[in-house]
Amino acid sequence: MFDRIKKHFLHKHIEAQEPNKIRAVCSLQNAATVGMLCEITDEDSYKAIFRIFTKLQESGKVVHLIGYIDEKYVPFYCLQQLSADYFCQKQLTWCGEPNVVQVTDFMQRDFDILLDFNYRYHAPIETILATAHSKFVIGSCADYKDIYDLYIQTESGNYNQFLNSTFNYTQKLSGK
């Protein structure tokens, strides 16, 4: 019962905050700025996401990463950087909205592409996806299909498959 009340107020807040987005299809290859949104479940998921983060940076893109940890504290292996930040349950409001300056800054950036690497529902992730100013939102979580501009169904937890599928589909959509 309490969860339904929390979800109701979260959705009311999201509706009030929803920006007027300028949607634009962009290929991953041509994107200058890329936002990455993910859930860090353990050290292996952190390493896998960070490899992709580094790979995109090395290809000349401006990349920003926000990672959510569904625990009380951010683990020691999640190293904060200028363009990589992490938040946890302790940094959420009572209804599940992120209450962190870095997340607010992330949501207000105009990314060419926002990649959502999540495979399960989390209220703070929904808030970020729904209120982000990104031009093209891509993800593979069925719970967020209505928020995505491009939904790509991939194997759960296979980040490289998601990235490769994103590269292929955005190339086709942009006509390249």
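Overview of results
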item: 5 Å-binned pair-distance histogram of the stretch 109-176 (Cα, whole percent); result: 3, 18, 29, 26, 18, 5, 1, 0
item: Amide H within-cut-off set for Leu92, under 5 Å, with H built and near neighbours excluded; result: Asn99
item: Among Ser45, Ser27, Ser59: highest mean-square fluctuation, GNM of the chain, C-alpha pairs under 10 Å; result: Ser59
item: Among Leu115, Leu56, Leu129: highest mean-square fluctuation, GNM of the chain, C-alpha pairs under 10 Å; result: Leu56
item: Cα-only Debye scattering, the stretch 43-146: base-10 log of I(q)/I(0) at q = 0.14, 0.23 Å⁻¹; result: -0.53, -1.60
item: Added length on full extension, which subtracts the Cα-Cα distance from 0.36 nm per residue, Asp44 to Trp94; result: 15.0 nm
item: Spherically averaged projected area in nm², based on the convex hull that wraps the Cα atoms of the stretch 89-140; result: 3.6
item: Neighbourhood net charge (11 Å Cβ-Cβ; Lys/Arg +1, Asp/Glu -1) for Glu71; result: -1
item: Length-normalised contact order of the chain in % [C-alpha pairs under 8 Å, at least 6 apart]; result: 26
item: Cα-based convex hull, the stretch 40-82, per residue volume (Å³, whole number); result: 66
item: Among beta bridges that DSSP assigns inside the chain, antiparallel share in %, nearest 5; result: 10
item: Mean separation of Cα contacts under 8 Å (6+ apart) over length of the stretch 80-163, as relative contact order %; result: 23
item: Highest-fluctuation residue, Phe162, Phe50, Phe111 considered, GNM on the chain with Cα pairs under 10 Å; result: Phe50
item: Equivalent ellipsoid dimensions for the chain as semi-axes, Å, which come from the Cα gyration tensor, largest first; result: 24, 19, 15
item: Net charge of neighbours whose Cβ lies under 15 Å from the Cβ of Gln91, counting Lys and Arg as +1 and Asp and Glu as -1; result: -4
item: Sum of side-chain charges, Ile49 neighbourhood, beta-carbon under 14 Å (Lys, Arg +1; Asp, Glu -1); result: -3
item: At R0 = 30 Å, FRET efficiency that the Cβ-Cβ distance of Gln108 and Ser156 yields, to 0.05; result: 0.50
item: Separation in nanometres of the label points that stand 7 Å from Cα toward Cβ, at Asn30 and Gln171; result: 1.4
item: Two-site label geometry, Ala142 and Tyr77: point separation in nm, points 7 Å out along Cα→Cβ; result: 2.9
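Read-outs: derived from the displayed coordinates by stated rules, not from any lab. Everything numeric here is computed off the predicted structure, so don't read it as measured data. Counting neighbours? That spans all protein chains shown, and the Cβs are built from the backbone with ideal geometry, glycine included.
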